[in-house]
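A.B. asks: Provided herewith is a single structure, encoded as structure tokens, for subsequent inquiry.
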Amino acid sequence: MGLIGTGQEIHSGEEGGVGLWAEAVNKSSLEWEVVAPEAFRPVFAGTKAKFSGYEELHLAKSVRFHFAAGLSDWAAGIVEDSVPTATLAKLAQSLIHEGYQIRITRSLDRARQFLWEKYRHTPDARFGLLASSRDKTLDVTGVDASRFLRTGPWYAEPENSPSSCRRLQEAITEFSAQGLELDHTLVVWGNDFLKKDGQWDASQAKQYQKKSAVKDPLQLRRNAYRVLLTRGREGMILCLPAIITDLDETYTFLVGAGCEVLD
């Protein structure tokens, strides 16, 4: 038995999403029964699996925090090229009206100061830096996203610990953030996923060691940023460092999509 979702495929080779399960079922010598929302019926049509559709299995609501559905919709729209900016702005305004915070800045120092001040009297609050694993600009911006980061201490230890997320020094990537959350996130946007002439572009991302295993690098970037944009329970700050001029168009797009300017 497996519990399978969509939009979270961030490892190379996963770009096919649920369709990969249909391929695996069809190649298997075993008998399979697929129980899923009706939306997945076309995916498994033509396979030898017995399909049973139950709309109750569509997990549109989260038990974690009440902003989840609207935030997921906004983030999904952000990373695609097909959702009008006005629609995204409307979704963002609805979230902000409900108390969720979506802010944007070109200054990492300003974002840090905002979070330290916001949670100065709540030592148990968890906030931290997030960044994409394929971003080439982290060294320029002074963000440390080492793959040797100790995830447990980063999430759990108090601010006086060098490992604590509250120090806003070390960043976790989409791999350490997937399935986990903070009260507030500070997402440092990279040049591995930027707007170019109105479309998302991943041509400046770090290359994969095994290029043959990657079918759609842009889709992996879309999913990675979808994860990064949905990790904050109370809010997020998006920082597009001013030193990275390639991010100018992306910044303009995100402001138009409803992000409130922190400056």
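A.B. asks: Tell me, which strands (runs of 3 or more DSSP E) wholly within region 181-263 include 1 or more residues that are of a type in the set (Lys, Arg) and over 27 Å from residue 100 (Cα atoms)?
C.D. replies: 194-196
A.B. asks: Moving on. Considering only residues that are more than 30 Å from residue 263 (Cα to Cα) and buried (at least 17 other Cβ atoms within 10 Å of the Cβ), look in region 192-217 and name the one that is farthest from the chain's Cα centre (by Cα).
C.D. replies: The selected residue is 214.
A.B. asks: Restricting to helices (runs of 4 or more DSSP H) lying wholly in region 108-176: which have 2 or more residues that are of a type in the set (Ser, Thr, Tyr) and assigned by TED's automatic domain parsing to the domain that holds residue 246?
C.D. replies: On the way: elements: 108-118, 138-141, 151-156.
Those helices (runs of 4 or more DSSP H) span 151-156.
A.B. asks: Specify which of the listed residues (203, 164, 176, 146) is in contact with a Leu (Cβ under 8 Å, 6 or more places away or on another chain), over 21 Å from residue 94 (Cα atoms) and among the hydroxyl-bearing types (Ser, Thr, Tyr). I'd like the intermediate steps shown before the answer.
C.D. replies: Details: 203 fails: in contact with a Leu (Cβ under 8 Å, 6 or more places away or on another chain); 164 fails: in contact with a Leu (Cβ under 8 Å, 6 or more places away or on another chain); 146 fails: in contact with a Leu (Cβ under 8 Å, 6 or more places away or on another chain).
Answer to the check: 176.
A.B. asks: Hey, among 255, 227, which residue is out of contact with any Gly (no Cβ under 8 Å at 6 or more places or on another chain) and at pLDDT 95 or above? Show your work before the answer.
C.D. replies: Details: 227 fails: at pLDDT 95 or above.
Answer to the selection: 255.
A.B. asks: I need the full set of residues from region 9-43 which are surrounded by 14 or more Cβ atoms within 10 Å (Cβ to Cβ) and modelled with pLDDT of 65 or more, in order please.
C.D. replies: 17, 18, 20, 21, 22, 25, 32, 34, 36, 37, 40, 43
A.B. asks: Go through 71, 95, 88 for me and flag whichever is closer than 30 Å to residue 149 by Cα and not in a loop (DSSP other than H, G, I, E, B). Show your work before the answer.
C.D. replies: On the way: 95 fails: closer than 30 Å to residue 149 by Cα; 88 fails: closer than 30 Å to residue 149 by Cα.
From the options 71, 95, 88, the qualifying one is 71.
A.B. asks: Could you tell me whether any residue of region 115-125 is closer than 18 Å to residue 168 by Cα and either touching a Pro at 6+ places or on another chain (Cβ under 7 Å) or of a type in the set (Val, Ile, Thr) (or both)? Explain how you work it out, then say what you get.
C.D. replies: Filtering region 115-125 down to residues closer than 18 Å to residue 168 by Cα leaves 115-125.
Subset that is either touching a Pro at 6+ places or on another chain (Cβ under 7 Å) or of a type in the set (Val, Ile, Thr) (or both): 122-123.
Scanning region 115-125, I find at least one residue that is closer than 18 Å to residue 168 by Cα and either touching a Pro at 6+ places or on another chain (Cβ under 7 Å) or of a type in the set (Val, Ile, Thr) (or both), so the answer is yes.
The values are calculated or read from the model by the stated rules, or taken from the named source; none is laboratory data. Worth saying up front: this structure is predicted, and the values here are computed from it rather than measured. Every residue, glycine as well, gets a Cβ built from its backbone with ideal geometry; the counts of neighbours run over all protein chains shown.
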